[in-house]
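Report on the structure given below.
The values are calculated or read from the model by the stated rules, or taken from the named source; none is laboratory data. Worth saying up front: this structure is predicted, and the values here are computed from it rather than measured. All Cβ positions, glycine included, derive from the backbone under ideal geometry; neighbour counts span all protein chains shown.
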Amino acid sequence: MTSIETLTLEVADVAAAERFYAAFGLDDRVRLRASETPTTGFRGFTLSLTVSQPADADAFLDAALAAGATALKPAAKSFWGYGGVVQAPDGTVWKVATSTKKNTRPGARKFDEMVLLIGASDVLESKRFYVGHGFTVAKSFGRKYVEFAAPSSPVKLALYGYRALAKDAGLPAEGTGSHRLVIGGGTAPATDPDGFAWEAAATMTPAA
């Protein structure tokens with residue numbers, strides 16, 4: 001595996017999740033699979049959308065909230081730009097952000113990049129795992145953050161410390177049970193040091 005080809009969210013109610021992601025504008029970006037596997041608290045990952053301007057962030061965040069998401073961090077300006085964090089009804093945490101603080105056009109639900117950010121208990125150990133499975137490091141900041149190159153992937157993979165990621169998401173760090181996420185890529189199943197499951201992309205369940 002050298003890149004992420006698909007992301008499958010495991011949800012308790014597929015029909016409800018379908019409605020939410022259609023309203024959010026991301027129904028063509030995630031797959032859905034029914035699951036009753038127990039999970040509580042922070043699931044150890046976030047999905048991020050990088051957008052071009054604040055109005056685009058608001059377009060996504062407002063759509064998510066209108067469709068039933070919960071605001072974890074309301075949209076706001078900061079020293080790094082503008083953005084906010086919401087939690088979908090299925091429990092998935094979504095961050096939408098931009099490094100730009102001014103709008104140059106009306107807002108639209110368009111994003112430049114989607115990032116799967118895994119909260120690693122040991123960033124260096126997880127980095128070694130992914131490098132050993134064919135990923136190429138694009139950025140690395142010791143035990144704090146690692147970003148992998150994704151020249152042709154629809155989703156970029158990055159690693160961040162578990163507790164730091166929970167704080168960034170606006171959630172307590174405690175969590176147990178399933179991640180409720182299956183990553184598709186490569187030709188053989190694999191499980192990373194934090195229990196994130198990879199399936200061969202060719203065997204993934206078709207998009208809901």
Looking at the range 187-197, can you tell me whether even one residue there is in contact with a strand residue (DSSP E or B) (Cβ under 6 Å, 6 or more places away or on another chain), under 16 Å from THR6 (Cβ atoms) and in a strand (DSSP E or B)? yes
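Being free of Cβ contacts under 8 Å to residues at least 60 places away in the same chain, part of a helix (DSSP H, G or I), of a type in the set (A, V, I, L, M) and touching a Ser or Thr at 6+ places or on another chain (Cβ under 7 Å) is the requirement here; does ALA63 meet it?
The answer is no for ALA63.
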If we scan the range 71-78, do we find a residue that is hydrophobic (A, V, I, L, M, F, W, C), under 24 Å from ARG33 (Cβ atoms) and buried (at least 19 other Cβ atoms within 10 Å of the Cβ)? no
ARG33 more than 16 Å from LYS95 (Cα to Cα), in a strand (DSSP E or B) and modelled with pLDDT of 95 or more: yes
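Residue-wise test of (1) of a type in the set (Ser, Thr, Tyr); (2) buried (at least 16 other Cβ atoms within 10 Å of the Cβ); (3) under 28 Å from GLY25 (Cβ atoms).
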position	(1), (2), (3)
GLY119	no, yes, yes
VAL131	no, no, no
ALA149	no, no, yes
LEU157	no, yes, yes
TYR160	yes, yes, yes
GLY175	no, yes, yes
HIS179	no, yes, yes
PHE196	no, yes, yes
ALA201	no, yes, yes
Working only within the range 80-97, note down all residues that are surrounded by fewer than 22 Cβ atoms within 10 Å (Cβ to Cβ) and among the polar types (S, T, N, Q). GLN87
Of everything in the range 65-82 that's within 21 Å of LEU165 (Cα to Cα) and small (Gly, Ala, Ser), which residue is modelled with the lowest pLDDT? SER78
Taking first residues from the range 1-12 that are farther than 19 Å from ALA158 by Cβ and second residues anywhere that are not in a strand (DSSP E or B), the pairs with Cβ under 6 Å that are 6 or more apart or on different chains are GLU10/SER35; GLU10/ARG180; VAL11/ALA17; VAL11/ASP90
Going by the conditions given, is ALA97 free of Cβ contacts under 8 Å to residues at least 12 places away in the same chain and either among the small types (Gly, Ala, Ser) or in a strand (DSSP E or B) (or both)? no
